[in-house]
Structure formats: structure tokens, C-alpha cells
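Worksheet: the structure to be examined is printed underneath.
Values in this text are rule-based calculations from the coordinates and carry no lab data. Not measured: the values here are computed from a predicted model. For neighbour counting, all protein chains shown are included, and Cβ atoms are generated from backbone atoms with ideal geometry for every residue, glycine included.
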Amino acid sequence: MDSEIRPELLALQQRLANTLDEVRDAARRKRHAKGYRTARENVADLVDAGSFQEYGQLAVAAQRSRRDYEELQTSTAADGIITGTCTINAALVGAQRARAGVIVNDYSVLAGTQGFFHHRKLDRICELAEQHSLPLVMYTEGGGGRPGDIDVATQIAGLNIKSFSTWAALSGVVPRIAVNNGYCFAGNAALFGCADFCIATRNSWIGMAGPAMIEGGGLGKHEPTAIGPIDVQEKNGVVDIVAEDEAHATALAQQLLAYFQGEVSEWSTVPQEALREAIPQDRRWGYPVRRIIETLADTGSFLELQRIYGRGIITGFMRLEGKPVALIANDCQQLGGAVDAVSAEKAARFLQVCNAFAMPVVSLTDTPGFMVGPDSEAQGAVRRMSSLFLAGSRLRVPVVAIFLRKAYGLGAMAMTGGTFVAPVYAAAWPTGEFGGMGLEGAVQLGFKKELEAVQDAEAREQLFQQLVAQLYEVGKASEAASFLELDAVIDPAETRAVILRALAVAKPRVRH
């Protein structure tokens with residue numbers, strides 16, 4: 001005979017149901033009408049089935065003195081933020097390495113604004129993440145601070161909350177991935193910008209103030225879609241990866257997190273012999289370096305960050321025989337591969353994150369050096385380019401340097417941790433060429449008198465090319481290796497094996 005459900009358990013079941021999409025159907029339909037998912041649908045898609053343990057589900061907005069309590073239970077469910085622990089990618093990396101925390105701001109509750117209990121829940125999960133080394137994924141959609149929580153009578157401005165500093169303090173402690181879709185303003189944007197990695201959908205608008213705050217500051221009326229649209233935030237480097245929609249963004253978050261969860265057992269690759277012909281015979285021609293990266297990497301494992309920001313240096317992650325590595329690479333189709341101020345700063349920040357989380361680095365170098373000239377200096381080149389040396393000097397993770405072609409001057413040194421002796425292994429392809437500065441510049445500077453003495457333009461050009469060829473012979477890879485300025489010259493088809501052998505003997509860095 002079935003026992004009757006006790007009334008207190010029945011009441012609990014109803015309270016919990018009030019926070020779910022089935023009861024909050026009007027809110028769910030409103031999200032779906034915009035082509036968006038509910039907060040709980042995003043949670044369900046992100047985490048491994050059955051692994052989510054929620055915290056603070058019964059919270060409501062601190063507005064009981066002005067609104068009906070039962071109505072608050074559904075309209076302000078969980079006080080607009082879903083938090084909990086879970087596993088993500090357990091089938092890929094195993095349950096222990098898949099442990100994680102989740103934070104999902106719920107736009108269907110008071111436009112995702114941050115209230116008193118909302119902040120308490122955020123603080124709690126961040127503290128747990130620090131204590132138990134849990135990576136965090138946060139969905140940031142929301143309108144910032146909430147002025148309507150009048151139940152709280154023990155504060156004036158409410159600026160003594162810890163949430164922003166608690167979230168920021170996790171930098172370098174656990175990996176943090178921010179995902180955004182829709183409007184993300186003020187406090188929500190501050191959380192987004194503090195993350196280690198930022199993913200946003202094409203339907204994202206991200207700004208440090210929303211329309212009301214902008215208008216209140218006397219700066220005019222603006223539609224929310226005019227504030228921080230995705231094309232702006234992608235170009236200026238705020239967003240690392242642009243996703244098509246929430247489903248795509250969630251899949252990217254899972255993939256990105258997986259690199260920090262360790263190696264995988266199943267992988268495949270393509271034949272490596274194509275790398276032997278990857279560099280054009282004419283050293284003046286460019287080539288698509290991403291094709292080289294995708295050939296080197298395990299099939300489908302390369303994930304690029306900030307693709308259209310700081311284009312001179314490519315940054316991202318890939319796997320080699322299932323092992324995750326970070327990648328920096330010069331793109332010779334952008335500024336001839338020169339390292340400009342923006343790309344240097346971009347790479348420096350990337351290396352800082354890799355160092356913090358014990359991620360080994362592979363550097364594919366092909367650069368004539370740092371970008372020079374008045375325009376470059378106007379971008380703050382001295383400070384911003386030097387940041388790459390600062391980041392390199394602090395690296396405690398193994399670096400493997402592969403010189404594809406040009407390796408000239410300070411720019412080449414900056415690509416390898418600040419010096420060619422910093423990498424655990426530094427090898428060149430036979431197409432490698434080395435020098436204190438680009439060959440053409442060296443000839444123009446060092447042989448100025450000889451060139452000026454030739455009156456005929458055609459003859460002068462012929463002499464110039466002869467001198468360049470002479471310097472090339474002196475600085476080609478085999479000669480540099482014979483002087484021990486690098487460790488080896490290798491068959492391009494052996495690059496994967498060389499990198500893996502180098503990383504196999506490198507002392508692993510254990511995170512504390």
C-alpha cells in the first residue's frame with residue numbers, strides 16, 4: 001500500500017516546481033519566441049546528465065515587503081541566477097577531471113539583474129570553486145544592478161558586496177569561461193570581461209552601461225542594440241570566440257574547457273608529408289599558416305581565439321596525440337608576419353593564462369620582427385610589445401619553438417619566450433632563416449654606401465638581391481644550427497613527433 005506523501009514534502013515539491021520551466025511556461029515561451037533558450041535549458045545542455053547539484057534554488061528577490069510572496073517564487077525564481085556543481089565532458093576525460101561549477105544568469109527574472117540574494121549565491125559558488133579547484137562556466141546575460149530589492153535595510157549603496165572581487169580573484173586559480181547571448185550590461189558585463197575566455201553569440205550586445213545608465217549620465221538616448229554589438233566587440237578583442245547561437249556557444253565552452261581537463265584517449269591525424277611543401281619556394285610569398293596548424297593538430301582539435309583581433313599572431317589550443325597544448329603562430333599573410341603592438345599584447349595575455357594553468361606552449365615562428373615606424377609607435381608599441389617579453393620571462397611551462405621560415409630580431413625572440421634558449425626545444429624547418437634583423441633591412445642599412453654608388457637602377461637592384469642572397473646563405477637554418485643558435489633542423493613531416501618528444505622530457509609543472 002502506497003503511503004501518502006507528507007504535506008511538508010508536497011509543499012517542497014511545489015516550491016521547487018515553481019522555479020522550473022514547466023511552471024514558468026510564459027517566461028519560457030517568451031524566450032523561445034526570441035529564438036533564445038531558457039537558463040535551465042542552457043544548464044541541461046552544458047552539464048553531464050544527472051550531475052548537476054543546484055545551490056540556492058529556493059531564493060527569491062529581496063522584495064517580499066512590496067510584492068506577493070507566492071508570486072515572487074515563480075517570477076523571481078532562484079533570484080535570477082542558477083548556480084551549482086556538476087561534471088562536464090566526463091565521457092571524454094573521466095569524472096574526476098570533469099568536475100566543474102556553473103553560473104547561469106536568468107534573463108527571464110527581472111532582466112537578469114543582480115539582487116541581494118543573487119550576489120550571495122554568486123559568492124558561494126565562487127568560494128566553492130576556489131576551495132575545490134572547480135573550473136567555472138558563467139552565462140552572463142543580464143542588465144546589471146537591481147535597485148528594487150527594498151527588503152535590505154542594512155545598506156545604502158550596496159557597494160560592499162564581494163561578487164566582483166571574488167570572481168576576479170579566481171584569475172589564475174581556476175579556468176573561467178564566460179558565455180553570453182543577448183544583452184549584457186553593467187555588472188554583468190564586468191563579470192564577462194573578467195573571465196579568462198569570453199564566448200558570445202551573434203545576438204549579443206555587451207557594454208559597461210545599459211541605455212538607462214547612459215541616459216541618466218546625460219549622454220543621450222540609445223537603443224540597447226547600439227551598445228557594444230558583436231561586430232564591435234569581436235574586432236576590439238573583448239570577445240574571444242563568436243558563436244552562432246546558444247547551442248553553439250555551449251558546445252564551444254565544453255570544447256574550450258576540455259583542454260584544461262587533460263588528455264583524451266581517442267584521436268586521429270592526417271598524413272604529415274604535406275608539410276614538406278607548405279612553405280613556398282619563393283621566400284617572399286605568403287602562405288596560409290592555419291593550414292599548417294590544422295595538419296599538425298589532431299583532426300578537428302584546433303580552436304582559435306580572437307581570430308580577427310591582433311591578426312599578426314594566431315592564438316589558440318589544439319591536441320597532439322590527445323594531449324592539449326597552447327599555440328601561438330605568426331601569420332605571414334598579415335603585415336608580412338610582423339608582430340605589431342596589438343598582436344603582441346594579445347599573445348602576452350594568452351601566455352599568462354597558459355602559464356597559470358600549466359598549459360605547454362608550441363610557437364610556430366615566421367616573423368621579420370616587430371612592426372616599426374611612426375604609426376606603430378602611435379599605438380604604444382614600446383609598452384605593448386614589451387609585454388610579450390614580460391609574459392615570456394614568467395613562463396614556467398615548457399615551450400617548443402618551431403621556426404617555419406623567418407626568425408629575425410626582437411620579434412622572433414619574443415615569440416619564443418624572450419630568447420631562443422628559453423624553449424625546451426627549438427627547431428627549424430629547412431626553410432628557416434635567421435638574423436638580427438630582416439635581410440632586406442640589413443642590406444639597406446649595412447651596404448648603403450655600396451648601393452648608392454651604383455647609378456643604374458637595374459644594376460643597383462641586382463646588387464641588392466645578390467647581397468640579400470649572400471646574407472640568406474649565412475643565416476639559413478643549417479648554418480644557425482651549426483653555431484648552436486637553435487637545437488636542430490628537422491624534416492617538416494616530423495614536426496608532430498619532435499614536439500611530442502620534447503614535451504615528454506620536459507618537467508611537468510604542477511599547479512598548486
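Computing FRET efficiency as 1/(1 + (r/R0)^6) for LYS448 and ALA493, where r is the C-beta to C-beta distance and R0 is 45 Å, gives about 0.60. By the rule of a C-alpha distance below 21 Å, with chain neighbours fewer than 8 residues away ignored, the lysines paired with LYS507 are LYS323.
I need to check one value: relative contact order of the chain, counting alpha carbon pairs closer than 8 Å and at least 6 residues apart, in percent.
Details: 1001 pairs, mean separation 43.3, N = 512.
In percent, rounded to a whole number, it is 8.
Considering the range 156-291, its Cα convex hull presents a mean projected area of 13.5 nm².
Centre-to-centre separation between the Cα atoms of the range 335-398 and those of the range 202-233: 31 Å.
Computed from phi, the 3J(HN,Hα) profile of the range 52-60 under the Karplus parametrisation 6.51, -1.76, 1.60 (θ = phi - 60°) reads 7, 10, 8, 10, x, 5, 8, 5, 10 Hz, with x in place of Gly and Pro. The coefficient of translational diffusion for the range 88-241, derived via Stokes-Einstein from the alpha carbon Kirkwood radius under 37 °C and 0.692 mPa s, stands at 201 µm²/s. Put in line by how crowded their Cβ is, counting other Cβ atoms within 10 Å and starting with the fewest, MET415, MET359 read MET359, MET415. Put a plus charge on the Cβ of each Lys and Arg, a minus charge on the Cβ of each Asp and Glu, and nothing anywhere else: the dipole of the chain about its Cα centre is then about 960 debye. Of the residues SER268, ILE293, ILE230, the one whose Cα sits farthest towards the positive end of the charge dipole of the range 210-296 is ILE293 (charges of +1 on Lys and Arg Cβ, -1 on Asp and Glu Cβ, taken about the Cα centre). The trypsin sites (Lys or Arg not before Pro) of the range 9-45 that DSSP puts in a loop, and whose beta carbon has at most 14 other beta carbons within 10 Å, are LYS34. Note on the chain: dipole from Cβ charges, positive end direction compared against ALA243, SER3, SER482; the farthest Cα belongs to SER3. With neighbours defined as other Cβ atoms within 10 Å of a residue's Cβ, the residues HIS32, HIS248 order from fewest to most as HIS32, HIS248.
If R0 is taken as 41 Å, the Cβ-Cβ distance between ALA95 and ARG290 corresponds to a FRET efficiency of 0.75.
Estimated translational diffusion coefficient (Stokes-Einstein, Kirkwood radius over Cα pairs, 20 °C, 1.002 mPa s) of the chain: 85 µm² per second. Could you work out how far apart the two model spin labels at THR225 and GLU485 are, taking each label as a point 7 Å from the Cα in the direction of the beta carbon, and quote it in nm? Here the modelled spin labels are 5.6 nm apart. With loop membership from DSSP and a limit of 14 other Cβ atoms within 10 Å, the longest segment of the chain without chymotrypsin sites (Phe, Trp or Tyr not before Pro) is 1-284.
By count of other Cβ within 10 Å, fewest leading, how are ARG6, ARG276 ordered?
Working: ARG6 9, ARG276 14.
By the 10 Å Cβ count, ascending, the order reads ARG6, ARG276.
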